[in-house]
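Working notes, beginning with the structure itself.
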Amino acid sequence: MDTFANKLSTSFRQSRGFYGALLLLIVIYAFYNILHPRGFSSAVLVQNANETVAIAFLAMAQTVPVLLGGLDLSVGAVMTLTSCIASELVSGSPVEILFGMFVTLLSGTAFGLMNGLIVVYGRLQPIIVTLATGAIAIGLALFVRPRPGGDIDGDLNWAVTNSLWDFVDTYQLFDPDATWFAPFAWIPVPLIMMFAIAILVWLPFRKSVTGRTVYAIGSAEGAAYMSGLPINRAKIAAFALAGFFASCGGLYLAIQTSSGNADVMQAGAYTLNSIAAVVLGGTSLLGGVGGAVASLVGACILRVISFYFRIVSIDPLLQPLIEGIVLLAAVSLGALRTLRVKNRLDLFR
Amino acid sequence: MNNLFSSIRPENKPIVIASFFIIAILLIGTGYTLSTQGTAPLLSPNYLLQQLQTGSFLGIVAAGMMMVILLGHIDLSVPWTLTAAAMMAASVGGEMALPTGIAVGLAVGLVNGLGVAYLRIPSMIFTLGVDSVLRGLMVAHTGGFAPQDQATPLMRYLAADRLLGVPVAIYVWAFVSICIAVTLTRTSFGRSIYATGNREGAAYLSGIRTRLVIIGAFMMSGVCASIAGVLLAGYSAKAYQGMGLPYLLPAIAAVVLGGTRILGGQGRYIGTLVGVVLIVLLNSVLSIMQMPEAGRQIIYGSVIVGMLLVYGRGSKVTS
């Protein structure tokens, strides 16, 4: 018991930003549901979850390179590319659908791998490499899908964008009205997928030597090298993982909208929002501190803020302004750090 | 050849290679037009001047961006600084159009600089926030529609007219370039930018007021973006939503292709000029070849990565 309390307090001290963000999310989402006329219902949660998944995946994707002290400006473009690929492939028989999903995720991961290889063996700065490969990804997306559109299996679309009850009902897995199932039936499928991937992919990665090395590189690359850690492997894996998360986002976006659209503006907006979500979650842009789960929370905060506009009557013309001010204010909270600094030289990187 | 190459100083190497690349692009483009149409429009001075006229907007944005990148920071608020300056200039109109536009740029630069220098928020995220606030302000200002205000005659003259056969926009670009180049090489402010970009702690300890340097650089970037915005509004006769977005990433690419280190502290202005010309010519050759948008994006990205692989490689971490 004592050790658990110790662990908790250590974890709290180490990731103050994350717990702060989590608290903020709980407070603003609870408040949102109180204000909402149909708050605390499955329908509201399902809709909110659907709108959050894509940006949450991208925030997780962005986290891994940021932990290295780098940045991936191609996540939005990779998401666009993979959603275009998915809009071509995810239809037909169940086997074809599964194959299409596999190819989609594989292509995103391969693109991330390419980023990693260029960064490591080309010895270039990640930010400028991914800026260029992002253009390549958009170009490929335009090749795959010159015009918006696509064909996604209708059942799949319905099943994964609704609650667990609808999922079971669509695929006739068992009787969805069974009594034992009732306590879970309301949970939105997108929420489950989001957390499942975070837990099944991110947590094992974080615990592995490669994952630890990512953190070490972000803190001090030279020290990581001198300790004999596999630096190259960690960097390549980090970018490949970013590609994988981005392709999860792309796959979901394609299934959700039943189409693909090679939209440059959308890709750019998603990339920039993913950086904002990472910072809101408490991950340091200098690297070494934070995690994908924290960014997931950050992405949720970003989305919940925009949900408020639906229930609070604000002039729609002022919405972008308020969104911007909230974002700016949220990131300015990072300035509190400067008050704690004892030596002025610590302010400089 | 090898001997010749190694005698070039390392900071000039990117500039030399990029210049060779410009010549290669011109040759490939000319070869293409000669074989398909039997003419060589790429080499006609008139065509080149026209390309440089549209390139001058990018050139001015890149000049400002370079100041910020030399500090190891980045200015992502350029798209809406540019748009806001253009919209405010057009809506104020008359004599005060130009000063208003530039004042918008100065104000945005000041806010950016204060946030980065005093609040110590990473520039990547702070300027992004400022960008979305500006977008919000402009949506509120215009009501979400394309503004109806027309550019003033002076703005149109600066952007679209010709003086002695050369587009006026190129004179403006040249003027901005000279200002930036002189600032960087001949003033203590310029040297402070390099020092701060190399190691801010050391610069601070040697008596440079690094916060003011950061604010100054961001203000210059804001002013450059606003000049580009005012010119662009003059060129297309009015301001419109999203006019700034196509300039952000090419500006960063031009600065980096010109040999400026993205982590700051190193780079020459002439390199940025070469980088801008390279990107402008690459775009125009691709459009002469009637390359579809998909192919353009792929070639554009590959060229940037390819060129950086030739000369932008960092050193290996060994300690």
Correct response: the longest run of chain B lacking exposed chymotrypsin sites (Phe, Trp or Tyr not before Pro), defined by DSSP loop and at most 14 other Cβ within 10 Å, is B:146-319
For peptide B:289-298, the mean count of other chain Cβ atoms within 10 Å per residue Cβ is 5
Any residue on another chain or 5+ positions along whose placed amide H is under 5 Å from the amide H of A:Ser163 is listed here as A:Val189
Mean other chain Cβ within 10 Å across A:120-132 is 6
Any helix of chain B counts here only if DSSP assigns it H throughout, its Cα atoms span 20 Å or more along the axis, and its mean Kyte-Doolittle hydropathy is at least 1.0, and such helices are B:13-36, B:45-70, B:78-92, B:97-117, B:123-142, B:168-186, B:210-235, B:269-288, B:293-311
Looks like the range A:73-176, by Cα gyration tensor root eigenvalues a ≥ b ≥ c and the a/c under 1.5 rounded cutoff (else prolate when a/b is bigger than b/c, oblate otherwise), is prolate
Checking B:Gly229, B:Gly55, B:Gly242 against a Gaussian network model of chain B (alpha-carbon springs below 10 Å), the top fluctuating residue turns out to be B:Gly242
Per the helix-only model, chain B has a calculated mean residue ellipticity at 222 nm (DSSP H runs of ≥4, -39500 (n - 2.57) each, divided over all residues, rounded to the nearest 500) of -24500 deg cm²/dmol
Relative contact order of chain A (C-alpha contacts under 8 Å, at least 6 apart) in percent is 33 percent
Given unit charges at Cβ for Lys, Arg (+) and Asp, Glu (-), the dipole magnitude of the protein assembly as shown about its Cα centre in debye, nearest 20, is 2640 debye
For the range B:121-241, using Cα atoms only, the Rg and Dmax in Å read 18.3, 52
With +1 on the Cβ of every Lys and Arg and -1 on the Cβ of every Asp and Glu, the dipole magnitude of chain A about its Cα centre, in debye rounded to the nearest 20, is 1760 debye
Phi angles of the range A:314-324, converted by Karplus (6.51 cos²θ - 1.76 cosθ + 1.60, θ = phi - 60°) into ³J(HN,Hα) in whole Hz with x for Gly and Pro, give 10, 3, x, 5, 8, 4, x, 5, 5, 4, x
Sequence order, the range B:162-167: Karplus ³J(HN,Hα) from phi using 6.51 cos²θ - 1.76 cosθ + 1.60, θ = phi - 60°, Hz rounded, Gly and Pro as x, gives 10, 10, 6, x, 10, x
Expected max-MSF residue from B:Gly258, B:Gly275, B:Gly115 in the GNM of chain B (alpha carbon, under 10 Å) is B:Gly115
For chain B, Rg(Cα) over 2.2 N^0.38 Å is 1.01
Those chymotrypsin sites (Phe, Trp or Tyr not before Pro) from the range A:7-47 that are DSSP loop and have at most 12 other Cβ neighbours within 10 Å turn out to be A:Phe40
The ³J(HN,Hα) series, computed from each phi in the range A:139-150 with the Karplus coefficients 6.51, -1.76 and 1.60 at θ = phi - 60°, rounded to the nearest Hz and given as x for glycine or proline, is x, 4, 4, 5, 5, 5, 9, x, 10, x, x, x
With Cα springs under 10 Å, the Gaussian network model of chain A assigns the largest mean-square fluctuation among A:Leu333, A:Leu156, A:Leu229 to A:Leu333
Summing -39500 (n - 2.57) over every DSSP H run of at least 4 residues in chain A and dividing by its residue count gives a helix-only mean residue ellipticity at 222 nm, to the nearest 500 deg cm²/dmol, of -23500 deg cm²/dmol
Quick calc of log₁₀ I(q)/I(0), the range A:41-332, Debye, one scatterer on every Cα, no solvent, q values 0.12, 0.15 1/Å, result -0.77, -1.15
If amide H atoms are modeled at 1.01 Å from N in the peptide plane, then the residues at a separation of 5 or more from A:Gly260, or on another chain, having amide H under 5 Å from its own are A:Gly149, A:Gly150
Output for the protein assembly as shown (equivalent-ellipsoid semi-axes, sqrt of 5λ from the C-alpha gyration tensor, Å, descending) is 41, 29, 27
Between B:Arg162 and residues 5 or more places away or on another chain, the pairs with built amide H atoms under 5 Å apart involve B:Val168
So, with points 7 Å from each Cα along the Cβ direction, the B:Phe145-A:Asp346 label distance in nm works out to 5.5 nm
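All of the numbers you see were taken from the coordinates with simple rules; none came from a lab. Not measured: the values here are computed from a predicted model. No Cβ is skipped: glycine too gets one built from the backbone with ideal geometry, and neighbour counts run over all protein chains shown.
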